[in-house]
Structures are given as structure tokens and as C-alpha cells.
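Down below is the structure, laid out as C-alpha cells.
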Amino acid sequence: MGHWFDQNIVEPGKLPLLLALAAFVLTFAITRLITRMIRAGKGPFRNITPGGMHIHHVVPGVVLSVVGGFGAVASGRQGVAAGIWAVVFGAGAGLVLDEFALILHLDDVYWTEEGRRSVEVVVLTAALVLLVLGGFSPLGVNELSSDEQQDRLGVILTLIVNFCFVLIALFKGKARLAVVGTLVPFVALIGAVRLARPTSMWARRFYRNRHRARARSVLRAYHHDVRWVGPRRRFEDLIGGAPDRVPLPGRKS
């Protein structure tokens, strides 16, 4: 394990990125824990409101991201300083993206349905950084034997084809399949060959005059969303907390 860590993380200079990712995830988790305790009125934590103005944690997050980013650029990819600045940047990024929905809507939507965008962006960011940590050889090129390394052309062609599948999946509005498909080629292929989502660029371009295909796309997207909206909501509630439920008109809360 130690040899693998040195060969794949330390030697390529990926240790700061790993530290930044760890700080990012840990900061997000701690922040969500604290905000949920504040929301429930438990524990010693309270909102910071000097002079009656609520200071959102995106503010220190921006400061940490800027300081950590400039520090990381100045320190390079090796050494203790690079690791420290990476942790500072990762913590700042975790605070910022935890309130991504606030930045997007320019409104305090932290505990609303719109606030779920923050959780989605955090999960997507963590997944993308993990892909970068995995390197540019998702099919295990680094594990090829010396004989197999002589025939890398086939591997490179496979990567290129898979990258095309990933792009098609993105154009078809299947962002999650595209991200996972970066590491698992068959997932990208599934996203590439299935019908596009009706609001995607692919559907607007190729289904414009194909009414049957567009109708099938709408129907399939509807059934998919109905099937997965429950598990996705439970997963997001587990990570970020359930949003406030707005009572329907005429219904007592």
C-alpha cells in the first residue's frame, strides 16, 4: 500500500490535491453538521450576526479559497507549504460550494428545494477531483505489463472512443453517467446510445423534427425521474439535511 501511495500520489505530485480533496469533503461535512445543529437549536453553535447582519459561511470560504489558491500557486506542487495551502484552499472551497445555491440565486435558499443544488455540486466536484486523482489512465494503463505497454495504441484508441461516448452522454443531458463513464467505459456507452433527455442540446438539435423520438424522450425522462427522485432525495437529505417543506395552499401546516 505504501509503495502504491508513493508511486501514484507522492511522486506525480498529487499529494496536495489529495489533501485539498480531504479538506474539502471534511469541511463540507462539518459545516453541514453545524448548520443542522443550529437549525435544530442544539449545541453551542449559533449564526454569526454582528450588528444584526447574518454572515454566511461563504464569506470566509471565499477568503480561504483566494488565500489558499494564491499560496498554492506560489509554493508549487511539492513540499510542506504546498500541502498546507492545499488544505486551506480545500476548506475554503468546501465552505463556498456548500452555499453554491445562495450564489446562484442571490438569495438565502440554504434550506429550500433550490438549496439542494449545493449538495449536487459538492458531490459532483468531489467526483471530478477523484477522477483527476485517478490520473489520465482510467483503464489501468499504469498496471500493464512490459509486454502490454508496447501495444498502447489500442489502449489509446479505446480511451479516445470512450471520451467520445462521454461527450455524447453530456450532450444528451446525462451528466452523472458521463462522470461515472470517465472511469467505467460501459456506463458512458449506455449514456451515449440511450435517448437524450428532452431538454438537452442533443434533443434540441436532432429531435426537432422527430416527434416520435421526442415523445419517447419525454416519457422515458418522466419515468426515470419518478423512479429515482425518491432515492436521490433521500441521499441528498442524508448528506445535507432535508429542506423546509412549503405547505400547499389551503393546507394547514
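The values are calculated or read from the model by the stated rules, or taken from the named source; none is laboratory data. Fair warning: this is a prediction, and the values are worked out from it, not measured in the lab. Backbone-built Cβ (ideal geometry, glycine too); neighbour counts: all protein chains shown. Remember, those area values only see protein heavy atoms, side chains included, never the ligands or the DNA or RNA. Shrake-Rupley method; radii C 1.70, N 1.55, O 1.52, S 1.80 Å.
Assorted remarks:
- Looking across Gly61, Gly76, one residue alone is out of contact with any His (no Cβ under 8 Å at 6 or more places or on another chain) and within 18 Å of Leu15 (Cα to Cα). It is Gly76.
- Test result for Val96, part of a loop (DSSP other than H, G, I, E, B), open to solvent by less than 60 Å² (accessible area, probe 1.4 Å) and within 23 Å of Leu238 (Cα to Cα): no
- Residues (touching a Phe, Trp or Tyr at 6+ places or on another chain (Cβ under 9 Å) and either of a type in the set (A, V, I, L, M) or touching a residue at least 60 places away in the same chain (Cβ under 8 Å) (or both)) located in the stretch 171-186: Ala178
- First in the stretch 225-241 and in contact (Cβ under 8 Å) with a residue 40 or more places away in the chain, second anywhere and of a type in the set (Lys, Arg), Cβ under 6 Å, 6 or more apart: Glu236/Arg116; Gly240/Arg32; Gly241/Arg36
- Qualifying positions in the stretch 243-253 - under 30 Å from the mean Cα position of the chain (by Cα), open to solvent by less than 90 Å² (accessible area, probe 1.4 Å) and at pLDDT below 75: Asp244
- Among the residues making up the stretch 102-114, a single one is surrounded by 15 or more Cβ atoms within 10 Å (Cβ to Cβ) and at pLDDT below 85: Glu114.
- Listed here are the helices (runs of 4 or more DSSP H) enclosed by the stretch 123-212 that have at least 3 residues being at pLDDT 85 or above and in contact with a helix residue (DSSP H, G or I) (Cβ under 7 Å, 6 or more places away or on another chain): 152-171, 185-193.
- Residues that are outside any helix (DSSP H, G or I) and either without any contact (Cβ under 8 Å) to a residue 40 or more places away in the chain or open to solvent by 80 Å² or more (accessible area, probe 1.4 Å) (or both), drawn from the stretch 55-74: Ile55
- Pairs linking a residue in the stretch 78-95 that is basic (Lys, Arg) to a residue that is not in a helix (DSSP H, G or I), with Cβ atoms under 9 Å and 6 or more positions apart or on different chains, do not occur.
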